[in-house]
Amino acid sequence: MGLVPGRPLAGTPIQVAFIGSCTNGRISDLREAARVARGGKVAPGVRALVVPGSEAVRVEAEREGLHEIFKSAGFEWREAGCSMCLAMNPDKLVGRELCASSSNRNFKGRQGSPTGRTLLMSPAMVAAAALAGRVADVREVMR
């Protein structure tokens, strides 16, 4: 992964932020991530995606206006279903991109690039990383 043993992950630059998957795309997950994203902007050079875990979650999130919070912050709001978790459609890592991801697997090649790297974290932590452009502690972002 190109990480240095003993060096904290905080501050590590990311290129992609992915919120979603069937395990971390619940309405409660999206609410927490939107709370972090509200009023912020995705950092330059970061591609940020939000994919609700189901159609029911998408409908509820849109009813609550969460999609507008994400879009205003610079996230791409997607239809429910598989995405970066399985490297579906064009939602794939390219080269050695580093992704802050709320999916549940990070084995080699999982997000579409055999050299891509995935750091698993909660949806709120992914939102914080997307805004910071680096791995960030959501507790510090929300102060």
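The values are calculated or read from the model by the stated rules, or taken from the named source; none is laboratory data. Keep in mind it's a predicted model, so treat the numbers as computed, not measured. Heads up: the accessible areas ignore ligands, DNA and RNA and are worked out on the full protein's heavy atoms, side chains in. Shrake-Rupley method; radii C 1.70, N 1.55, O 1.52, S 1.80 Å.
Tabulated results
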| read-out | value |
| --- | --- |
| Among Ala127, Ala33, Ala61: highest mean-square fluctuation, GNM of the chain, C-alpha pairs under 10 Å | Ala61 |
| Share of carbon and sulfur in the accessible heavy-atom surface of the chain [1.4 Å probe, %] | 55 percent |
| Mean projection area, nm², convex hull over Cα of segment 1-55 | 5.2 nm² |
| Highest-MSF residue in the chain out of Gly25, Gly53, Gly11 [GNM, Cα springs under 10 Å] | Gly11 |
| Probe 1.4 Å, protein heavy atoms only - accessible area per residue of the chain in square angstrom | 49 Å² |
| Label of the coordinate-derived value, P(r) over Cα pairs in 5 Å bins from 0, in percent, listed as [x] 2, 12, 23, 25, 21, 12, 5, 1, 0; [y] 2, 9, 20, 22, 22, 15, 7, 2, 1, 0; [z] 2, 9, 12, 10, 8, 6, 5, 4, 7, 10, 12, 9, 4, 2, 1 | [x] |
| Of Pro90, Pro44, Pro123, the one that fluctuates the most in a GNM where the chain has Cα springs shorter than 10 Å | Pro90 |
